[in-house]
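**Q** Structure in structure tokens, see below.
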Amino acid sequence: MADVAIRFKDVSKWFGKLKVLSDINLAVVAGEVVVVCGPSGSGKSTLIRCVNGLEGIQGGDLVVLGESIARPGVSMSGLRTRVGMVFQSFNLFPHMTVLQNITLAPVKVRGLGAAEAEKTARALLERVRIPDKADHYPANLSGGQQQRVAIARALAMQPKIMLFDEPTSALDPEMINEVLDVMTDLAKDGMTMMVVTHEMGFARRVAHRVVFMDEGRVVEEATPEAFFAAARSDRAKEFLSKILSH
Amino acid sequence: MNYQFKWSVLWSGQSGVWLLQGLITTVEISALAWVLAAALGILSGALRTVPWKPARALATSYVEFFRNVPLLVWMFFWYFGVPPLLPRAIQDWIFNHGAEFWAGMFALGVYHGARMSEVIRSGIQAIPRTQFEASVAMGLTTFQAYRLVIVPIALRLIVPPATSESLNLLKNSSVALTISVAELTFQTRQIETYTAKAIEALTAGTVIYLVLCVGIAAIMARVERRFAIPGLIARGG
Ligand SMILES: Nc1ncnc2c1ncn2[C@@H]1O[C@H](COP(=O)(O)OP(=O)(O)O)[C@@H](O)[C@H]1O
Ligand SMILES: [Mg+2]
């Protein structure tokens with residue numbers, strides 16, 4: 001049995017009185033690509049934000065790369081160097097160039113020398129296919145380019161796990177594929193990924209498993225083939241009919 | 001009306017020297033107080049937005065306290081109130097070393113730090129929360145996220161309101177005359193006392209303040225353009 005990278009054990013989470021995650025049990029194996037889908041407000045973002053400690057959990061246990069992160073006193077900074085995250089809204093730092101965005105954490109957190117960090121950053125820009133944008137500011141890039149820089153920035157910390165929260169939802173349709181292509185490359189290289197997305201084509205081609213959430217619960221968990229061919233729950237069927245009809 | 005204007009009082013006798021000394025003192029006390037106010041403002045303004053309640057409470061009490069104490073009372077507090085509490089030797093030492101200047105500078109800086117804090121806080125709150133999340137998600141600590149990302153962005157956003165606050169500070173430095181700091185307003189009063197030419201003396205003071213303020217505004221406008229965030233349209237002037 002391969003290494004488990006992420007394990008949710010009966011994880012529950014509340015925002016005030018609102019229970020947003022209910023008894024989540026889920027394991028993600030190293031090298032696996034898990035797509036998380038479900039209606040808006042079902043807890044998908046919250047689920048993956050727990051993995052890098054952006055949200056704390058109140059019940060159960062969450063083990064990431066062998067370390068329980070529900071325990072008090074666990075180093076969030078240390079955890080986050082091993083878990084990269086890409087947001088819907090890119091979140092590049094607008095006052096820094098692309099290169100500065102990518103080298104910031106390696107230099108400030110991992111203590112890399114400036115020259116080495118720059119070399120790595122340029123290699124990553126090759127990898128996300130925008131080597132010529134190093135000295136541009138985020139505002140001068142298209143949405144798709146910004147998101148690819150955000151991916152490069154997360155990869156610069158050499159994470160073991162990458163989390164994506166609707167990485168293409170804020171993009172114009174013609175830019176979606178350039179981002180998905182980069183993510184597909186990453187998956188092929190063996191990265192462990194949790195991806196919240198409504199891009200069912202990506203799920204079909206790249207995911208090893210699809211997790212369907214509704215009202216804070218994991219309602220269905222299946223291979224993409226099984227999920228798309230024969231979703232079992234009514235909620236998943238309804239969701240799929242909406243999302244695939246256009 | 002039979003007032004006789006006599007502008008030459010401004011350059012005859014001691015007047016010119018007094019005005020110059022007053023100008024220098026005003027610039028010195030304002031510049032030092034500004035540095036203090038900026039430091040306190042950035043620190044407390046940032047603390048008011050961190051996800052840690054005791055830090056927020058501390059910074060909020062600082063701001064609320066100084067918003068509700070008149071600057072004049074606060075200057076008196078430092079000049080007349082605090083020294084008697086100190087040991088005799090220290091009292092003597094500070095009164096021989098320009099106590100009024102330091103009390104005035106300190107009062108001015110701490111008071112305007114509280115006002116600067118509000119400006120900085122509003123700048124930080126204008127930044128989407130996700131910028132902070134993206135920073136800590138890469139492994140930066142909260143302190144690093146503020147130092148490297150949040151505060152640098154906020155400072156670029158707040159140049160216009162920070163400019164008005166800086167001009168307020170400069171103008172409020174005149175309150176220090178009440179604890180005998182020989183700044184610009186103090187010196188214009190002195191010229192008036194010696195020459196009985198109030199309008200001339202006050203006009204000179206007014207013009208100097210005006211030139212200082214216009215100069216500062218021009219410098220800040222350049223700073224704003226120089227550090228503008230690409231893609232955000234910098235407001236002119
Ligand atoms: N910071 C927050 N405070 C309070 N409620 C929140 C917060 N974040 C999310 N929620 C609520 O938690 C539920 C799940 O949200 P989310 O995980 O963002 O869902 P999804 O990503 O599936 O759309 C929603 O009802 C949402 O309104
Ligand atoms: Mg979401």
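The values are calculated or read from the model by the stated rules, or taken from the named source; none is laboratory data. This one's a predicted model, so the numbers in the text were calculated from it and none came from an experiment. Positions of Cβ are backbone-derived with ideal geometry, glycine not excepted, and every protein chain shown enters the neighbour counts. Ligands, DNA and RNA are stripped out before the accessible areas are found, and what is left, the full protein with its side chains, is counted by its heavy atoms. Shrake-Rupley method; radii C 1.70, N 1.55, O 1.52, S 1.80 Å.
**Q** What dipole magnitude, in Debye to the nearest 20, does chain B give about its Cα centre under +1 on Lys/Arg Cβ and -1 on Asp/Glu Cβ?
**A** Its charge dipole is roughly 660 debye.
**Q** What lysines sit close enough to residue A:237 to cross-link, taking a C-alpha to C-alpha distance under 27 Å and skipping anything fewer than 8 places away on the same chain?
**A** Of all the lysines, those that pass the test against residue A:237 - Cα under 27 Å, at least 8 places apart if same chain - are A:9, A:13, A:19, A:44.
**Q** Now for a different question. May I ask for the accessible area buried between chains A and B, both sides summed, probe 1.4 Å, to the nearest 100 Å²?
**A** For A against B, buried area totals roughly 1800 Å².
**Q** Under a 1.4 angstrom probe, counting protein chains only, how are A:132, A:23 ranked by accessible area, largest first?
**A** A:132, A:23
**Q** Additional query: Enter the accessible area per residue of the range A:1-155 (Å², integer; probe 1.4 Å; all protein chains in place).
**A** Averaged over the residues of the range A:1-155, the accessible area is 40 Å².
**Q** Mind putting a number on the dipole of the protein assembly as shown about its Cα centre? Charges go on the C-beta only, +1 for Lys and Arg and -1 for Asp and Glu, and I need it in Debye to the nearest 20.
**A** 400 debye
**Q** If you place +1 on the Cβ of every Lys and Arg and -1 on the Cβ of every Asp and Glu, how big does the dipole about the Cα centre of the range A:1-41 come out, in debye to the nearest 20?
**A** 280 debye
**Q** Can you give the accessible area per residue of the range B:11-227, in Å², using a 1.4 Å probe?
**A** On the way: 10600 Å² over 217 residues.
About 49 Å² of surface per residue is accessible.
**Q** Between 0 and 90 degrees, rounded to the nearest ten: what's the tilt of helix B:15-47 against the longest Cα principal axis of chain B?
**A** Here the helix axis deviates by roughly 20 degrees.
**Q** What per residue convex hull volume, in Å³, do the alpha-carbon atoms of the range B:11-227 yield?
**A** With only Cα atoms used, the range B:11-227 gives 143 Å³ per residue.
**Q** Which residues belonging to the range B:125-145 lose at least 20 Å² of 1.4 Å-probe accessible area when the assembly is complete, relative to their chain isolated?
**A** B:130, B:131, B:133, B:134, B:136, B:137, B:138, B:139, B:140, B:144
**Q** Quick check: the angle from helix A:98-108's long axis to the longest principal axis of chain A, C-alpha only, nearest 10 degrees?
**A** Compared with the principal axis, the helix lies near 80 degrees.
**Q** Along each principal axis of its Cα atoms, how long is the protein assembly as shown end to end? Whole angstroms, biggest number first, please.
**A** For the protein assembly as shown, the Cα extents along the three principal axes come out at 101, 49, 46 Å.
**Q** Further question on the same structure: Considering only DSSP beta bridges where both residues belong to the protein assembly as shown, give the percentage that are antiparallel (nearest 5). Present the calculation step by step, with values, prior to reporting the outcome.
**A** Working: 20 of 37 bridges.
Bridges in the protein assembly as shown are about 55 percent antiparallel.
**Q** Then there is this: Convert each backbone phi in the range A:127-139 into a coupling constant with the Karplus relation 6.51 cos²θ - 1.76 cosθ + 1.60 (shift: θ = phi - 60°), then list the ³J(HN,Hα) values in order as whole Hz, x for Gly and Pro.
**A** Karplus values, whole Hz, x for Gly and Pro: 5, 8, 6, 9, x, 8, 9, 3, 9, 7, 8, x, 4.
**Q** How large, in percent, is the carbon and sulfur part of the accessible surface of chain A at a probe radius of 1.4 Å?
**A** 49 percent
**Q** A further question on this structure: May I ask which residue of A:114, A:224, A:103 lies farthest towards the positive end of the charge dipole of the range A:95-246, with charges of +1 (Lys, Arg) and -1 (Asp, Glu) on Cβ and the Cα centre as origin?
**A** Ranked along the dipole, the leading option is A:114.
**Q** Name the residue from A:41, A:136, A:66 whose Cα lies farthest towards the positive end of the charge dipole of the range A:1-155, charges +1 on Cβ of Lys and Arg and -1 on Cβ of Asp and Glu.
**A** Comparing the listed Cα positions along the dipole, A:41 ranks first.
**Q** What is the percent carbon and sulfur in the accessible area of chain B, measuring with a 1.4 Å probe over the protein chains and ignoring ligands?
**A** Of all accessible area on chain B, carbon and sulfur atoms account for 68 percent.
**Q** I've got another one for you. Share of Cα-Cα pairs in chain A beyond 26 Å, in percent?
**A** 39 percent
**Q** For peptide A:88-99, compute the average count of partner chain beta-carbon atoms within 10 Å of each residue's beta-carbon. Show your work: numbers first, answer last.
**A** On the way: counts 1, 5, 2, 10, 2, 9, 9, 12, 6, 1, 0, 0.
Averaged over the peptide's residues, the number is 5.
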